[in-house]
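Note sheet for the following structure.
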Amino acid sequence: MSTNTPLYQQYPLHITNTLTATKQLFTPIKPPFVGLYVCGPTVYSDVHLGNVSTFTKFDFIYRYLVFLGYKVRYVRNITDVGHLVGDIDEGEDKIAKKARLEQLEPMEVVQRYTNGFHNVMKQFNNIEPSIEPTATGHILEQIEWVQKIIDNGFAYEVNGSVYFDVPKYDAAHPYGELSGRKIDELRNATRELDGQSDKRSPLDFAIWKKAEPQHIMRWNSPWGEGFPGWHLECSVMSTKYLGETFDIHGGGMDLKFPHHESEIAQAVACCGSAPVNYWMHTNMLTVNGTKMSKSLNNSFLPHELFAGDHELLEKGYSPMTVRFFFALSHYSSQVDFSNEALQGAEKGYKRLMNAQEALASLSHKQGALNEILEAEIQQHCKDVLSHLSDDFNTPRAIASLFSLCTKINDFKAGNADVGGISNSTFEQLQFTFNGVINDVLGLQSEAQQSNHLDDVMALVIELRKQARADKNWAMSDQIRDQLTAAGIQLKDEKGGLTTYSLD
Ligand SMILES: [Zn+2]
């Protein structure tokens with residue numbers, strides 16, 4: 001095939017579509033353009049490692065689509081209103097609750113945790129989405145959708161709130177397609193309404209909620225002051241930026257039901273067509289085989305992980321090690337976090353980085369062709385991309401990268417002659433090895449960066465030590481405070497040693 005053929009034609013992509021539960025050839029609506037929507041974070045607390053794992057896995061997916069030559073519009077929202085503590089229609093708004101507890105404006109809560117989220121995404125080298133819309137920025141559009149769904153007969157207003165009529169929808173279109181749930185089973189599994197509820201059926205969900213007097217986040221609407229239901233924002237923002245039907249919608253597996261199921265129903269009820277061609281769901285992160293949860297004290301924040309500052313961590317692990325660790329499992333498999341697995345990932349990451357350095361140091365000058373070696377390297381290069389095109393199989397692609405590492409190390413050590421392969425194969429090796437490591441897996445060398453910082457921090461720590469020896473507490477405090485403001489934490493260990501970690 002000519003080198004001008006886009007990679008997506010040379011390595012046709014197959015995706016496991018969770019809507020059909022089959023692996024399908026990916027056919028975008030309008031190639032080379034691809035629309036990708038991923039449900040973003042609810043910004044009411046620090047982003048935890050489970051979120052990081054979800055967004056990093058979609059970062060691999062996004063990066064590979066781009067690598068294949070697709071022009072991707074990647075939309076990932078920020079949920080800044082409407083996500084209730086009870087996850088469905090109960091409880092306080094998560095952001096309003098945090099604002100009340102910390103005596104902040106809700107938008108201060110949103111800004112603080114949005115900034116924190118962005119910082120963490122940068123540390124893990126995740127690429128920013130093309131558009132990052134917020135729910136509060138799309139209230140008018142959400143009100144229009146509610147009105148259309150009412151007009152089309154699939155929602156009803158009671159006492160200032162508007163509910164989506166699930167049984168009525170199900171009579172016209174099957175409800176539960178994505179999660180495989182049947183409406184009768186759902187009915188049996190749901191509590192009966194307690195008479196207090198305005199809903200006609202316990203399966204119905206709010207698309208607009210009336211704001212009670214104490215509720216601080218509120219907007220005017222045709223049904224009085226209120227706020228949008230959580231599921232609605234993603235329907236509205238995905239179709240606004242990607243079209244009424246778009247290519248790929250992703251999210252964590254826990255969002256399949258009811259969030260994504262409701263998104264499909266809302267879109268069909270409003271626009272008359274299914275919104276998404278390929279649904280993709282990433283699996284969960286566990287710690288030593290157990291689900292991550294605050295109450296089990298096994299959930300880490302990224303900065304605790306980097307510093308090794310948690311009783312379950314034997315030491316700190318760098319963002320690149322953790323990123324590589326995420327790539328070692330298929331996105332649809334559960335990832336189990338353990339010191340052993342992390343230390344394995346650390347070794348693997350270093351192996352790739354060292355081989356990359358070795359490759360950069362090789363200069364190619366063709367000698368007598370070694371046909372076996374030539375064929376082997378070509379095959380490994382093809383395998384890397386074939387695995388990635390097979391439903392983004394990063395672990396198998398990494399195994400093929402490791403086979404290439406062995407060859408590169410042989411060249412470097414003089415066990416094999418790099419001149420034994422042709423110039424085009426050498427270029428293919430550079431393109432595949434470096435392209436996949438840096439552009440698809442998003443791994444970068446952290447050695448240089450952190451060495452500079454280590455040098456500077458050694459100096460700063462020494463100056464602070466001197467200030468303390470001189471009993472210049474003001475200076476010593478100033479150093480610590482300004483470092484904290486810059487996101488660098490000092491830790492005085494036993495024995496007089498001071499270490500630092502990044503937020
Ligand atoms: Zn969503």
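The numbers here are math on the coordinates, done by the rules we state, and not lab data. Computed from a prediction, not measured in an experiment: that's the story for all the values here. Note: ideal-geometry Cβ built from the backbone for every residue, glycine included; neighbour counts use all protein chains shown.
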Within the stretch 319-399, trypsin sites (Lys or Arg not before Pro) in DSSP loop having at most 12 other beta-carbon neighbours inside 10 Å: Lys365
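With 10 angstrom as the radius, rank Phe227, Phe426 by how many other C-beta atoms surround their C-beta, starting from the fewest. Display every interim value, and only then the final one.
On the way: Phe227 25, Phe426 21.
In increasing order of surrounding Cβ atoms, one gets Phe426, Phe227.
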Grab the DSSP H runs of the chain that are 4 residues or longer, score each as -39,500 (n - 2.57), total them, divide by all residues and round the 222 nm result to the nearest 500 deg cm²/dmol. -14500 deg cm²/dmol
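Which of the trypsin sites (Lys or Arg not before Pro) found in the stretch 184-286 are loop residues per DSSP with 11 or fewer other Cβ atoms within 10 Å of their Cβ? Walk me through the intermediate numbers first.
Numbers: sites: Arg187, Arg191, Lys199, Arg200, Lys209, Lys210, Arg218, Lys240, Lys256; in loops: Arg191, Lys199, Arg200, Arg218.
Here the sparse-neighbourhood loop sites are Arg191.
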Length gained, Lys23-Ala486, 0.36 nm per residue minus C-alpha separation, equals 162.1 nm
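Charges only on Cβ, +1 for Lys and Arg, -1 for Asp and Glu: so what's the dipole of the chain about the Cα centre, in debye to the nearest 20?
Details: 45 positive and 62 negative charges, 109 e Å.
Dipole size: approximately 520 debye.
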Relative contact order of the chain: what whole-number percent is it, with Cα pairs under 8 angstrom and at least 6 residues apart? 15
If the reach is capped at under 24 angstrom between alpha carbons, list the lysines near Lys382, excluding any in the same chain fewer than eight residues apart. Lys23, Lys57, Lys71, Lys350, Lys365, Lys407, Lys412
How long, wide and thick is the stretch 16-282, going by the Cα atoms along their three principal axes, in whole angstroms, largest first? 54, 46, 31
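In debye to the nearest 20, how big a dipole does the stretch 192-345 give about its Cα centre with +1 on each Lys and Arg Cβ and -1 on each Asp and Glu Cβ? Walk me through the numbers on the way to the answer.
Values: 11 positive and 18 negative charges, 47 e Å.
With only Lys, Arg, Asp and Glu charged at Cβ, the dipole is about 220 debye.
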Taking only C-alpha positions in the chain, Rg and Dmax in angstrom work out to 26.1, 85
